[in-house]
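Worksheet: the structure to be examined is printed underneath.
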Amino acid sequence: MKKYSSGISIMRILIFLFLPLVLWAEPVKLGIDRFFEEGQNVIVKNKQVGLVTNHTGVDSNLCSTIELFKKNANLKAIFTLEHGLKGSGRAFEKIPHQKESIPIYSLHGETRRPTAEMLKEIDILVYDIQEIGCRSYTYISTLFYVMEEAAKKKIPVVVLDRPNPMGGVVVDGPMLKEKWRSFMGYVNVPYCHGMTVGELGRFFNEEYKIGCNLHVVPMSGWNRKMTFKETGLSWIPTSPYIPEPDTPFYYASTGILGALGVVNIGIGYTLPFKVVGAPWIDADNFAKKLNAQKLPGVKFVPFHYKPFYGKFKGKQCEGVKIMITNVHKYRPLAVQYMLIGMLKSLYPTPFRAQLGQLTDLDKSLFSKVNGTDKVLSIIENEQYIAWKLIGYDKEEREAFIEKRKKYLLYD
């Protein structure tokens, strides 16, 4: 009985100590929340609004940004981007315009920029979209294009800020070389940049001399160490293969590998970007060799699966499931390049066979995603590649971390 009473007492003490922290924690309010709750929407009063958004545009109560603007502003046009207004389009799929009571213009079809015709009746543009923290995810390229075209027409742009789902600390991967600038990477930031979309807008505007009349509505209650899971907000899948709030970490860990076409990365299975497998991999040995490298914040677990479609459809695959053990120490690109290096070392024959099948278009796409052709050159021509790839552009990343400081909105 004494032990039981002692246990109850300890529990009460713990509750007394930690409950206030829970109760007093400031809830995360999105830019869209503050825009309407705090009267910041006065900026759109008596103006014709163009809204750049998609299905991820919701407030913290899951009310649609589109509906909020229909009720509280003069919404004149909607602009949507890759994957479409409802988020169901596949990667690279062209999205058509839609004719409804309010025109819906696609910025991922015949044009990726708002045209003069689209903007002719617009007084102000508002951008409210959840992105994932990776340079190759095209939502931030669309923001840049919108800012450029708005600047030409002297149309103000309002960005309603949202969390970077990986937090604001992870900065990893190669920088973008000018030669490889494209819609899949339009700005010279690391592959994982560790910035919110509002912070990126500020960075774009000054570093690239856009000259946009930009107004960012910051969040409240968010800090740089906070991943999306820790915000208490509801996650809306940003595209078909980003279904969960932690998927961005894995997209940044295997998406580049997937562009090589060597292995299946969970596309066509129930764990997109979270597994790596092929019929010729020995799961136990692959996991053992990867874990021996002692990369921070991650474990590799042997995994067996059979893709429903895509690479190796219907074939029994062996490989690993990536298990993030500490999101604050985890480096997605270190994992990505270690996987590539280990595959080349352990399975040189199928690895080289697949590299030999890459077309010039495939190689160009791979280099655009990486932001450089140096990564492919190292993979093709050097024997031991993992740590060299992991260390690539280290000094440039460190310089970026210093440069970005003046654009950050959160501690």
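The values are calculated or read from the model by the stated rules, or taken from the named source; none is laboratory data. These figures come from a predicted structure and were not determined experimentally. Cβ atoms come from the backbone with ideal geometry, glycine included; neighbour counts cover every protein chain shown.
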Tell me whether the stretch 315-324 contains one or more residues that are closer than 14 Å to residue 279 by Cα and without any contact (Cβ under 8 Å) to a residue 24 or more places away in the chain.
no
Per the list (1) touching a residue at least 24 places away in the same chain (Cβ under 8 Å); (2) surrounded by fewer than 23 Cβ atoms within 10 Å (Cβ to Cβ); (3) under 23 Å from residue 350 (Cα atoms); (4) in contact with a helix residue (DSSP H, G or I) (Cβ under 9 Å, 6 or more places away or on another chain), residue check on residue 305 breaks on (4)
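Mind counting the residues in the stretch 109-122 that are assigned to a loop (DSSP other than H, G, I, E, B) and modelled with pLDDT of 90 or more? Step through it out loud before you land on a result.
Start the filter on the stretch 109-122 by keeping residues that are assigned to a loop (DSSP other than H, G, I, E, B), which leaves 109-115, 120-122.
Filter again for modelled with pLDDT of 90 or more, leaving 111-115, 120-122.
Of the residues in that region, 8 qualify.
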Filtering the stretch 359-390 for residues that are surrounded by fewer than 18 Cβ atoms within 10 Å (Cβ to Cβ) and in contact (Cβ under 8 Å) with a residue 40 or more places away in the chain leaves a count of 6
Given (1) among the acidic types (Asp, Glu); (2) under 29 Å from residue 329 (Cβ atoms); (3) not in a loop (DSSP other than H, G, I, E, B), residue 131 misses just (3)
Taking the stretch 237-268 and the residues there that are surrounded by fewer than 22 Cβ atoms within 10 Å (Cβ to Cβ) and touching a Gly at 6+ places or on another chain (Cβ under 8 Å), the one that is modelled with the lowest pLDDT would be 240
Residue count, the stretch 42-65, condition surrounded by 20 or more Cβ atoms within 10 Å (Cβ to Cβ) and either free of Cβ contacts under 8 Å to residues at least 40 places away in the same chain or of a type in the set (Ser, Thr, Tyr) (or both), comes to 4
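Working only within the stretch 373-411, note down all residues that are among the small types (Gly, Ala, Ser) and more than 22 Å from residue 185 (Cα to Cα).
Here is the first cut: in the stretch 373-411, the ones among the small types (Gly, Ala, Ser) are 377, 386, 391, 399.
Correct list: 386 only.
Filter the stretch 187-207 for residues that are in a loop (DSSP other than H, G, I, E, B), surrounded by 20 or more Cβ atoms within 10 Å (Cβ to Cβ) and on the phi < 0 side of the Ramachandran plot and give the result.
Within the stretch 187-207, 189, 190, 191, 193, 195, 196 qualify.
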Residue 367 - would you say it is among the polar types (S, T, N, Q), touching a Phe, Trp or Tyr at 6+ places or on another chain (Cβ under 6 Å) and not in a loop (DSSP other than H, G, I, E, B)? yes
>> If I filter the stretch 143-165 for residues that are part of a strand (DSSP E or B), under 23 Å from the mean Cα position of the chain (by Cα), farther than 20 Å from residue 210 by Cα and assigned by TED's automatic domain parsing to the domain that holds residue 58, do I get at least one hit?
In response: no
